[in-house]
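Have a look at the structure below before the remarks.
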Amino acid sequence: MALALDTGHALYADIVACICVDDDNTVKDLRGDTCTPHANVVIGSGTYGRHFRTLLNGSNAEGVALTAGHLVKPVSTPVGTTVVVINAGNSRTSRGCVTNGPTTNAPGPACYTGDVPAGHVGGTANPSTLGTTDIIGTGAHMFAVGWNGTSANFVYCDGAMEANPSTNLGNANDTYKATYIGGTPSGGYGGLAADYVWYVHFRKYLSEAELDALYTSLGSGNAFALVDAGIIEGDLDATEAADVAAITGDVIITGTIAATESADTAAFSGGSTPVTGDLDATEASDTAAATGTVRNPRLVIGPLKNNTGTLLASETGATVYVYQTSGAHVVTKTGQTTNGSAIMTVSDAALAAGTTYRYVIALASGAEGMDKQAAA
């Protein structure tokens, strides 16, 4: 199912680039930049789902070119974090940089001496902050590099902060952009040949807790906290088609929202105080409104989109039919709406928190769609 950024995630506004392989086996930036793989780049899959494999030709990278690229350390906000998820690190050469950076001492991630993740500085400088985990030939990893103005930088790998010196990393620059994933395509500055699952750059110096949350969210099939579970669009297969009397194909419904993601929605209807950030199991049971009034269990659905990907914001007069997964009817809710972010919240005392329900949405326009999720 097609991938899309989770607009309710606490880090959504800080994402500058999010590059991955979508369900159509196309390399995409979920922030909209155009990605052009080298002819020798191949698509595959592994521990964390689909990946694109970059290569090295001598000390030049054969990777993925970005049309617009993205600023790495702008003068006005000279902070950033780059998170890289790989199914495999295959080889490195020279400075082992993940992105191009040969001219302006711009910071970025790399793999260097000892085959460890490293904080790389562009130009002729070698990586200056080294981690400790060997990421070449050792399977899947998530590593990250961050820089906080001129005061600190870090290297993180697989759930642990491996280096965090109180020193500068790279120069602020308003013209340099990362425009190539896999290393530097010319000049012999090297690169990291790897099976890339995710490349994400943030305009924020992430905390260790934020990095840990991203790491623990990784799973098979490109599962990642920054993206929605997927969307159901158009025709369903024979099994799914049997689950609903009529699917018009006019509506694309965002896939099942996990219990923790339900709590990330920017604004709930029904009187509850807006909640941000993932909740653990104990906190999830405490999501009665801050005023102390107990709210009904709810389904937080969306963002809803039509078949061209347009958000269906501010819809009114929708009807939602809710069923047990066994097929038994639970409740019909009329007069439902979507908010400005195309999120629909369905709340009723007949729902039970933690129970998975199947629902059919019928919009006032006559378009229909179906999905299922657990109430929270």
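The values are calculated or read from the model by the stated rules, or taken from the named source; none is laboratory data. Computed from a prediction, not measured in an experiment: that's the story for all the values here. Every residue, glycine as well, gets a Cβ built from its backbone with ideal geometry; the counts of neighbours run over all protein chains shown.
Brief remarks follow.
- Val75 surrounded by 20 or more Cβ atoms within 10 Å (Cβ to Cβ), of a type in the set (Val, Ile, Thr) and either in contact (Cβ under 8 Å) with a residue 40 or more places away in the chain or more than 22 Å from Tyr215 (Cα to Cα) (or both): no
- Boolean, His70 is in a strand (DSSP E or B) and out of contact with any Gly (no Cβ under 6 Å at 6 or more places or on another chain): yes
- The single condition among (1) under 12 Å from Gly108 (Cα atoms); (2) modelled with pLDDT under 95 that Val155 does not satisfy is (2).
- Some residue of the stretch 319-342 being outside any loop (DSSP other than H, G, I, E, B), hydrophobic (A, V, I, L, M, F, W, C) and closer than 21 Å to Thr7 by Cα: no
- For the stretch 205-224, the criterion of being touching a Leu at 6+ places or on another chain (Cβ under 7 Å), more than 20 Å from Ala140 (Cβ to Cβ), surrounded by 20 or more Cβ atoms within 10 Å (Cβ to Cβ) and hydrophobic (A, V, I, L, M, F, W, C) is met by none of the residues.
- So Gly58, is it in the same structural domain as Thr179 (by TED's automatic domain parsing) and under 23 Å from Ser217 (Cα atoms): no
- Only residues that are surrounded by fewer than 17 Cβ atoms within 10 Å (Cβ to Cβ) and under 20 Å from the mean Cα position of the chain (by Cα) were counted across the stretch 45-64, and they come to 2.
- Which numbered condition Asp23 fails, given (1) assigned to a loop (DSSP other than H, G, I, E, B); (2) in contact with a helix residue (DSSP H, G or I) (Cβ under 9 Å, 6 or more places away or on another chain); (3) surrounded by 17 or more Cβ atoms within 10 Å (Cβ to Cβ): (3)
- Pair list, Cβ under 8 Å, 6 or more apart: the stretch 162-185 residue crowded, with 17+ Cβ neighbours inside 10 Å, other residue of a type in the set (Lys, Arg) and part of a loop (DSSP other than H, G, I, E, B): Gly170/Lys73; Asn171/Lys73; Ala172/Lys73; Asn173/Lys73; Tyr176/Lys73
- Out of Gly123, Gly101, sole residue that is farther than 28 Å from Asp6 by Cβ, modelled with pLDDT under 90 and surrounded by 18 or more Cβ atoms within 10 Å (Cβ to Cβ): Gly101
- Any hit, the stretch 312-323, residues being over 27 Å from the mean Cα position of the chain (by Cα), modelled with pLDDT of 90 or more and among the polar types (S, T, N, Q): yes
- Residue count for the stretch 134-157 under the criterion of being surrounded by fewer than 17 Cβ atoms within 10 Å (Cβ to Cβ) and within 21 Å of His51 (Cα to Cα): the result is 4.
- Just one of (1) of a type in the set (S, T, N, Q); (2) surrounded by fewer than 19 Cβ atoms within 10 Å (Cβ to Cβ); (3) under 24 Å from Gly159 (Cβ atoms) fails for Thr82. It is (2).
- Sole exception among (1) hydrophobic (A, V, I, L, M, F, W, C); (2) part of a loop (DSSP other than H, G, I, E, B); (3) closer than 23 Å to Ala17 by Cα for Val83, by number: (2)
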